[in-house]
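What follows is a single structure, written as structure tokens, with notes after it.
Readers should treat all values here as calculations from the given coordinates under stated rules, not as data from a laboratory. Being a predicted model, the structure only gives us computed values, none of them experimental. Please note: Cβ atoms are built from the backbone with ideal geometry, for glycine as well, and neighbour counts cover all protein chains shown.
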């Protein structure tokens, strides 16, 4: 058996715990006002004491500032959503520390990876986790990952001691012994996973679990140090004021927008007939998609007064009200503001066989937030890739993603604004903000152009809809939605 | 074919719509600051236009103040929770109007109830719904239920017209025709359900669906009238100031509390041995319960400093961290404050095979809210029955409910308060509120006594735990939890 380091004497331990607890409580006060979330992930082999460590932290910390999360094998509700959905659902609230036993690593860490194929699967899972953590870390979340190290000898010794004592024998299960026998293989998998997921902002720290007292103190100190580092880092970042930069990253996108013809004509009569035709076709396409177990996400973006609401109501009239919901995206509430900007949209991702229609969406990040300087330049520049990644997750799961930009001319917008102002039941739609946005048309055109050029992807294409003629626009949406859904199902 | 009333001319309709929309927008402003939620439930036979009515309302109302809900057949996640869980999950947020197509009635309305047995089942479901609605209505929620009336003749006429026109034929499904054929039977079921669920605060209103325009206007006006009535009613209720009444409803409960012996002794050594023994037994009992598909709910209530946190940590150390979560109940946040007091607890009800431990609970309604006058007397008096009903829902579903009151003497509490104040890492636990609560011991004893006497039920019994000796209390909890779980499984 390996010679263990001498155990930390109880008296010294207790005096250090007192200091540590004071510091941790101060930290919790600071977390409440910190503009970031803290995730503490504890992983390690059986017997390393993940549970007892989390219990100790539950005792040291003020429980009102802590949330504990864990994962079982996925439920059918979880299975009928994209893989990452369950992780997004389990992030701590504002000003709270999330404690995770195993977290998103639990299942992958149990794989033995004996064959090349199994190894490849582990690597894929690890890369998924890495991408998810990178997204959070870049968004300012502090992710601490602790690997509790315990040698095979020490593990065996611990299991034997517990088993020998009648009073504690119940703590050791058959599965524990099995994992002990295959210790080396599991250890290898764990090493592989750690190396693949050890990235800036989400580093692994290995801590010895042989002495419980040192282990708990080490994890506590790690939390303190990293939190203070993150605080300084966030303060530095906040110091850079956001400067709106109305310079096109992809001028082609803006040109496409500016050259879109807007002079379509369509009589009331032709519209009525064609609308019923395409509503019928859309209804069939949607039912076929649901029958095939597909979910549908439809994004509506467009200028103020471009007619998003009306278009959504026409479109949804073809669908069973129990099968869809419309999500009107307003300004984020305080909780959402402190979370990753994609967080609130993950919550509304539809399950298989359902549809979610977004009246404005995650594209706010690269539109209003970019133009108004609500986020930093590095943040909105990064968002194009993050959004493509998000939509790829949806598409990979089988969700059909439709995106519409409703385009109206500057003159038509003015006409509609004025009409709204004189119609009593429409007046509430007009705010000073609408007029302010209107004056920023140029800056918004740059942003819209970049958005279209940088996030137009085969699995989630943009449809530019000429919308000066409302009837034409509504029809165009019904038509292209039907066709895109049909085409996806034929693939 | 029945002679339909003359259709409302378009011009008159449009002018009335303009007035109505103005009034509805004013109503929505008021809903935002109203201390109650509004639920609008639309039900009726095929062809009555539930979908188109909701679409019209979506157009008339400001969508940011509206949420739409609907129910499918339950998912496995929903099935593994008590029946009412899915309804509690789908209530609108503060200041919002919830629109429901069918809502909790959908499934029951589809039953034909041809046999006596089927009829009995429909009645049972209707009574469940009635109880749920009564709970909400008494809590101040405004529930409007509209039955769109359409005769069999008018329904047939509508289906034929749609089918005859190639452009609209897709709107009529085989199921619609089936429901048309069994119109009379379905109508009878619907009548039965309406009569069973037509209660104060949740009345049905029958509105003719033969003319779409009149139908939409009628529902709009109903919403306006009822909302103003509810506003006046709530204002009257608010006018009665809450008066804390420290008078026992059931003096026996208080006597039981006051005569509880608190002088138990237990050496550190005996405790250590017995703890491991009972932890082991509890661990087995919990695993057996989970294996049998049962969920477990444990409630911890007790005096400030009675040792709830420590007891919870000892108890949970016997359980796989992935199988339980601890819910620390703090003051309600603004959203929770405006909701029914049971709402936030429904969200945390565990699914089958899991455990939820509540550090304080729904009993706050009859403890702190009663004593401090945070709710009216009629509210806390009603709560005993409501809580028994809630726990019965849990027990009926198979959930095992354990409740602990941790009891310490006035003198022991003082000793612990003083100790907390001189221990740096415990000081944050002490607030001015603790000292204030302490001075109210008498009033709280009355409330605790009533709680114990009025909510001690075979399916959810109270355990009074003498807790002046912390070790004894922790052991007592392990012991009685093991025994109650074992006994429930043997039944």
Projected area, mean over directions - the protein assembly as shown, Cα convex hull, nm²: 43.5 nm²
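What average number of partner chain Cβ atoms lie no more than 10 Å from the Cβ of the residues making up A:323-332? Please report the intermediate quantities before stating the final value.
Working: counts 2, 2, 4, 5, 2, 7, 1, 2, 1, 0.
Other-chain Cβ atoms within 10 Å of each residue's Cβ, averaged: 3.
For segment B:10-239, what is the percent of antiparallel DSSP beta bridges, rounded to the nearest 5?
On the way: 1 of 21 bridges.
Once the DSSP bridges in segment B:10-239 are tallied, antiparallel ones form about 5 percent.
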Shortest-first distances to equivalent copies, position residue B:334, nm, label 7 Å out along Cβ: 0.7
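Could you work out the relative contact order of segment B:251-490, using alpha carbon pairs under 8 angstrom and six or more residues apart, expressed as a whole percent?
Details: 322 pairs, mean separation 87.4, N = 240.
Relative contact order for segment B:251-490 comes out at 36 percent.
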Whole-Å distance, taken between Cα centres, linking segment B:257-334 and segment A:38-90: 20 Å
Rounded to 5, the percent of DSSP beta bridges in the protein assembly as shown classed as antiparallel: 5 percent
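Semi-axes, largest first, in whole Å: what does sqrt of 5 times each Cα gyration tensor eigenvalue give for segment A:251-490? Each step should come with its number before you reach the end.
Working: eigenvalues 133, 117, 59 Å².
In descending order, the three semi-axes are 26, 24, 17 Å.
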For segment B:164-237 versus segment B:104-139, the gap between their alpha-carbon centres in whole angstrom: 16 Å
Spatial separation of Cα centroids for segment A:337-380 and segment A:385-462, in angstrom: 13 Å
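Given the DSSP H assignment, sum -39500 (n - 2.57) over each helix run of at least 4 residues in the protein assembly as shown and divide by its residue total; what's the result at 222 nm in deg cm²/dmol, nearest 500? Please list the in-between numbers first.
On the way: 42 runs with 535 residues, N = 982.
Mean residue ellipticity, 222 nm, calculated: -17000 deg cm²/dmol.
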Copies compared at residue B:52 - label distances in nm, ascending, label defined 7 Å from Cα in the Cβ direction: 7.0
Extension gain from residue A:182 to residue A:236, taking 0.36 nm per residue of separation minus the Cα-Cα distance: 14.8 nm
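Go ahead and run the numbers for FRET between residue A:330 and residue A:258, Cβ-Cβ distance against an R0 of 35 Å, rounding to 0.05.
Details: r = 29 Å, r/R0 = 0.83.
For residue A:330 and residue A:258, the calculated efficiency is 0.75.
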Longest to shortest principal axis, alpha-carbon extents of chain A, angstrom: 88, 49, 38
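Highest first, please rank the peptides A:75-81, A:128-134, B:304-310 by the mean number of other Cβ atoms sitting within 10 Å of their residues. Display every interim value, and only then the final one.
Working: A:75-81: 16.3, A:128-134: 18.1, B:304-310: 20.4.
Sorting A:75-81, A:128-134, B:304-310 by mean packing, highest first, produces B:304-310, A:128-134, A:75-81.
What percent do you get for the relative contact order of segment B:10-239 when only Cα pairs under 8 Å and 6+ apart count?
Working: 285 pairs, mean separation 67.3, N = 230.
So the answer I get is 29 percent.
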Nearest-ten-degree value, helix A:116-138 long axis tilted from longest Cα axis of chain A: 70 degrees
Long-range Cα-Cα pairs in segment A:352-491 (distance over 23 Å), rounded percent: 45 percent
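By average Cβ neighbour count within 10 Å, what is the ranking of A:460-473, B:268-281 from highest down?
Numbers: A:460-473: 20.4, B:268-281: 15.9.
Going from most to least packed, we get A:460-473, B:268-281.
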Computed Rg/Rh of segment A:73-202, alpha carbon atoms with Kirkwood Rh: 1.01
For residue A:490, label point 7 Å along C-beta direction: distances to other copies, nm: 6.9
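Which whole-number percent gives the relative contact order of chain B, counting Cα pairs below 8 Å spaced six or more residues apart?
Details: 688 pairs, mean separation 93.7, N = 491.
Once normalised by length, the contact order is 19 percent.
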Fraction of the pair-distance distribution of segment B:10-239 above 29 Å, Cα-Cα pairs, percent: 31 percent
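Take peptides B:206-218, B:434-446 and line them up by average Cβ neighbours within 10 Å, highest first, as a rough protection proxy.
Values: B:206-218: 19.2, B:434-446: 15.5.
Taking the mean over residues of other Cβ atoms within 10 Å, the ranking is B:206-218, B:434-446.
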Spacing of the two label points (7 Å from each Cα toward its C-beta) at residue A:415 and residue B:490, in nm: 8.3 nm
